[in-house]
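The values are calculated or read from the model by the stated rules, or taken from the named source; none is laboratory data. What you see is a predicted model; the values in this text were computed from it and never measured. Methodologically, a virtual Cβ is constructed for each residue, glycine included, from the backbone with ideal geometry; neighbour enumeration extends over all protein chains shown.
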Amino acid sequence: MSDFILCSNCFQDQGLKIDAEVIGQNDESACLNCNESTGQKLDKGNLLTLSQRFFVWGSLQRFDYGAAPLVQFNYQQTTSIKTSPWLEPDLRILEKAIGIGFFHYGPRFWMFGDIEPLKELQEIDTRASIINRVIDEYPTITFTPENTFYRVRMAPLNPREFQEYDSPPKHISGSGRFDSKELSVMYGSQDLQVCIHECRVSAADDLFVATLAPCYDLKLLDLTELIYEDVSEFESLDMSIHMLFLAGEHSYKISQDIALAAKASGYDGIIYPSYFSLLRTGAMPFETVYGISPRQIPQLADREKSKIIPNLALFGRPIEQEQIEVKCINRVILNRVEYGIHFGPVEF
């Protein structure tokens, strides 16, 4: 007997139907529910994945720091959410097919930034003490001449000139995550896709990329590392830094102060998680396991690390200071852009 319960043709909501086509399995047998043979078939595991992807991830709401889904499901509760009329029949099909109920989720407060070190970072009077902890508790790595990386420029005045790929001078610094009027910063990445996306490029832009490498070993503060503390998420420095780099421009003053402290401590720069890490890896933000962040579970460290795309922030003007050499410069031609997407409900 087939384990398939539904197929993608069973659903009316177009977004849910497309997600079901992506998740389902290719099988030409007739669906037990709608009797269609052309839809992608879904067993119980596929339907649970579909429910998680569409209703849980699809209802994710971002806050200044952190994020949380507004909908959850389990086997114990009956459905208590109200949704769009075109989605209501699909909700009932899923509820009946695998015996789950959908309800409004009450997230744990840490998921929207109620974390003590993060709150202290946001306050001028307490920020320095947490930054000192960051400098002390995060590891140092050596960035060697064998470690090449990329820096992309849009329409430089002279694309062949090496200085075009250096940090902006101090008098025009201060709009990025780490640079300030006191400190110029060169941004780069070893992931060229992220490097291009960080520049917010369009098809009309004239793009160039420099391939760069250190002239000698550089001392970098590694903020991409997971650190383990014998505390909950509510007291976690690790979770605070994780949320900091998934936050927008309102968080920049904090990271600028971290950069100034790192430079004063003798670092040449910082390795940090790209804001676009999750878009690049396709991972769901701020997942939980029974309300616990996977970052708190040592056995899941490799999985959590795989969600992070490291970026580089190098202090000063490292090309001018002969810390960094330009290996080569190339024009970048964008010949295709493709978005990985899935869907969620518009109301619930």
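Figures for the structure shown
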quantity	calculated
Subset of the stretch 148-174 [among the β-branched types (Val, Ile, Thr) and outside any loop (DSSP other than H, G, I, E, B)]	152, 172
Test: residue in the stretch 213-221 that is within 19 Å of residue 245 (Cβ to Cβ) and small (Gly, Ala, Ser)	no
Hey, residue 177 crowded, with 22+ Cβ neighbours inside 10 Å and part of a loop (DSSP other than H, G, I, E, B) or not	yes
Pair list, Cβ < 7 Å and 6+ apart or interchain, from the stretch 126-142 residues that are touching a residue at least 12 places away in the same chain (Cβ under 8 Å) to residues that are assigned to a helix (DSSP H, G or I) and β-branched (Val, Ile, Thr)	127/254; 131/258; 134/241; 134/258
Residue list for the stretch 321-348, filter: out of contact with any Cys (no Cβ under 9 Å at 6 or more places or on another chain) and surrounded by 15 or more Cβ atoms within 10 Å (Cβ to Cβ)	326, 329, 332, 342, 343, 344, 345, 348
Any hit, the stretch 61-69, residues being more than 30 Å from residue 255 (Cα to Cα), of a type in the set (A, V, I, L, M) and assigned by TED's automatic domain parsing to the domain that holds residue 21	no
When residues of the stretch 256-273 are limited to those that are in contact (Cβ under 8 Å) with a residue 60 or more places away in the chain and touching a Lys or Arg at 6+ places or on another chain (Cβ under 7 Å), the one surrounded by the most Cβ atoms within 10 Å (Cβ to Cβ)	268
Filtered residues of the stretch 65-93 (kept if of a type outside the set (A, V, I, L, M) and within 30 Å of residue 244 (Cβ to Cβ))	65, 66, 69, 72
Residue list for the stretch 311-343, restricted to those being among the small types (Gly, Ala, Ser) and assigned by TED's automatic domain parsing to the domain that holds residue 154	313, 316
Matching residues, the stretch 124-147, being in a loop (DSSP other than H, G, I, E, B), loosely packed, with under 13 Cβ neighbours inside 10 Å and either at positive phi or within 25 Å of the chain's Cα centre (by Cα) (or both)	139
Candidates 295, 317, filtered to the one that is in a helix (DSSP H, G or I) and basic (Lys, Arg)	295
Per-region count, the stretch 148-177, residues more than 27 Å from the chain's Cα centre (by Cα) and aromatic (Phe, Trp, Tyr)	1
Residue in the stretch 224-235 that is on the phi > 0 side of the Ramachandran plot and surrounded by fewer than 17 Cβ atoms within 10 Å (Cβ to Cβ) present	no
Condition met for residue 300 (in the same structural domain as residue 210 (by TED's automatic domain parsing), under 21 Å from residue 195 (Cβ atoms) and either in contact with a His (Cβ under 6 Å, 6 or more places away or on another chain) or not in a loop (DSSP other than H, G, I, E, B) (or both))	no
Residue within the stretch 283-293 that is at pLDDT 95 or above and aliphatic (A, V, I, L, M) present	no
Checklist (1) within 21 Å of residue 295 (Cα to Cα); (2) hydrophobic (A, V, I, L, M, F, W, C); (3) not in a loop (DSSP other than H, G, I, E, B) applied to residue 210, failing item	(1)
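To keep it simple, each residue is scored yes or no on (1) more than 18 Å from the chain's Cα centre (by Cα); (2) within 20 Å of residue 187 (Cβ to Cβ); (3) among the small types (Gly, Ala, Ser); (4) not in a strand (DSSP E or B).
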| position | (1), (2), (3), (4) |
| --- | --- |
| 272 | no, yes, no, no |
| 280 | no, yes, no, yes |
| 287 | no, no, no, yes |
| 321 | yes, yes, no, yes |
| 330 | yes, yes, no, no |
| 336 | yes, no, no, yes |
| 343 | no, no, no, yes |
| 348 | yes, no, no, yes |
